[in-house]
Structures are given as C-alpha cells and as structure tokens.
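Q: Sending over a structure as structure tokens; questions will come in a sec.
The values are calculated or read from the model by the stated rules, or taken from the named source; none is laboratory data. Given the structure is predicted, the values throughout are model-derived calculations rather than measurements. Note that each Cβ is placed from the backbone with ideal geometry, even for glycine, and that neighbours are counted across all protein chains shown.
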Amino acid sequence: MSGSSPLSNSPNFQTELAKERNHMAANRTLLAWIRVSIALIGIGFGVNDIVLRLWSGNDENHYLMKFTRLFSLSMIALGVFSVSVSALDYRAEIKRLRQSDYAYTPRFPLGLMVAGMLVIISLGALIFIQKLNSF
Amino acid sequence: MRNNLTGPTNELAKERNRAASERTITSWIQSCLGLIGFGVAVDQIAVALDRRASDGNQLVTSDFAYPISFIFIVLGIGLLVFAMVQHYLEIQSIKREDYFFLPSRPMNVLATSTIITFGFLGIVILGLSM
C-alpha cells in the first residue's frame, strides 16, 4: 500500500525540507550576484583596454581617456561592491535559517541599488558620448 | 480547520520568492549591461576606425555608429528602469498578507522583440552592403 509515512507528514519534517529549499535558493542567489560582478568587472577592464589601445599615442583625447578610466573604475567598484554585499547577505540568511523561529526579514535592496547605480553610470556615459559627438 | 503548517512554511516561501525576484533582477542587470557596454564600445571603435582607415568604404561609419550607440544605451537604461520598478513592486507585494501574482510578460515581450528587430535590421543592412 503506497503512502507517505506519518513522519514525513509532520510539520518539522516539511519545515526542514522548506529550509533546505531556502538554502539552495540562497546559494543560487549568491551565484547570480557572482555572475553579475564578473560581468561588471569584465566590462570595466574590457572597455578600458579597448579604448586605450585604440587611442594610444593620441594626445588630443585627454578627456576621452579620463572618461574611460572613470567609467571603468565605476564598473569595477560596482562589481566588487555587489559581490561583497551579496556574500554578507548570504551569510546572514544561512544564520537565520539555522534558527528555529524563522521569519521573513525585509532587508537591504541590493538589486535596486546596483541597478540604480548602473543607470546613473550609464546616463553619465550617454551624456559624455553625446557631447563628444557634437564636437 | 486551520492549517498549522502555514506559519513557518509561509515565511520560508516568502524568502524564496524574494530570492527568486532578486535573481530575476540580476538577470536583467546582466542583459542591460550587455546592451549598455555594446553601446559604449561601438561608438568608440567606429570613431577610431574612421580615423585610421578613412577611405569612406566602411559599413559602420562614426556618423552611423552614434545613433546605434545611443539607441543601445537608452534601451539598456530603459529596460533596467522597468526591471527596477517590477522588482520593487514584487518586494512590496511579498510583505503584504494578501499576496497576488504580478505577470511580467509585457516586459519580456518588449525586450525580446526589440533585440529580434535589431538583429533583423543588422542582417538587412549587411545583406544590402554585399
């Protein structure tokens, strides 16, 4: 006769399974942030390298070099920031899962903050490119 | 009869939904980063190539590259802002007792159709130049 055992129907067992799912969700979230930070840092180094190689030896583009350096540094800093905060968040979530009285805790909106900073950096890049092309 | 399992399991489910929403916005950040990075790079590459090989025979000149760059950056910023709004609404709705599902289909349709349109335009332009 098929059917689940009384043990598997107990609240503790199902809560433990749910906690395990939460643990795996936290792992996936941290990995997603690692991917984002790799992309941000990669773009930072890549754009800097490409522009410097294209404009090397050309002293007319002092402002372009400065802008590129600033853009690249912003991207790299944002990447380092996002992976650091997400690692701290992951650590805190794992600690909360170990507690018996788990409660959902609204916290620091890392996604909104990183997206917002990326919008600001991109708007700066857009304004600079527009001014550069108007000369 | 009231279900005694809803307390901790609901709280854990809320956290899983929050994590899923965060993973969604990181995916949008990556996609928009690709668009913005391409927009920033294509303008500079085209201008530099224009200077080094100015025989006027390139497919993508600096005049043509600027609108492309502008569109890509604006598209990346626009999609990122939509993603931020969607993420914020999702986080706020999780906090409520009467949670309701928010469909995200319009945004996905917009992003996919825009990229397909640009891809087809690229094929047409390259095809006409042959």
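Q: With the requirement that a residue be surrounded by fewer than 16 Cβ atoms within 10 Å (Cβ to Cβ) and either at pLDDT 85 or above or outside any helix (DSSP H, G or I) (or both), what does region B:32-59 give you?
A: B:34, B:53, B:54, B:55, B:56, B:57, B:58, B:59 - these are the residues of region B:32-59 that are surrounded by fewer than 16 Cβ atoms within 10 Å (Cβ to Cβ) and either at pLDDT 85 or above or outside any helix (DSSP H, G or I) (or both).
Q: Residues of region A:94-114 being of a type in the set (A, V, I, L, M, F, W, C) and without any contact (Cβ under 8 Å) to a residue 60 or more places away in the chain, which ones?
A: Of everything in region A:94-114, those that are of a type in the set (A, V, I, L, M, F, W, C) and without any contact (Cβ under 8 Å) to a residue 60 or more places away in the chain turn out to be A:103, A:108, A:112, A:113.
Q: Then there is this: Please work out if residue B:12 is assigned to a helix (DSSP H, G or I), closer than 30 Å to residue A:28 by Cβ, modelled with pLDDT under 90 and more than 8 Å from chain A (Cβ to nearest Cβ).
A: no
Q: Same structure, new question: Identify all residues within region A:101-129 that are surrounded by fewer than 16 Cβ atoms within 10 Å (Cβ to Cβ), within 7 Å of chain B (Cβ to nearest Cβ) and either more than 16 Å from the chain's Cα centre (by Cα) or farther than 25 Å from residue A:34 by Cα (or both); write none if there are none.
A: Those that are surrounded by fewer than 16 Cβ atoms within 10 Å (Cβ to Cβ), within 7 Å of chain B (Cβ to nearest Cβ) and either more than 16 Å from the chain's Cα centre (by Cα) or farther than 25 Å from residue A:34 by Cα (or both): A:103, A:106, A:123.
Q: Quick check, is residue B:94 modelled with pLDDT under 85, more than 10 Å from chain A (Cβ to nearest Cβ) and closer than 30 Å to residue A:110 by Cβ? Explain how you work it out, then say what you get.
A: Working: modelled with pLDDT under 85: yes; more than 10 Å from chain A (Cβ to nearest Cβ): no; closer than 30 Å to residue A:110 by Cβ: yes.
Taking the combined requirement at face value, the residue does not satisfy it.
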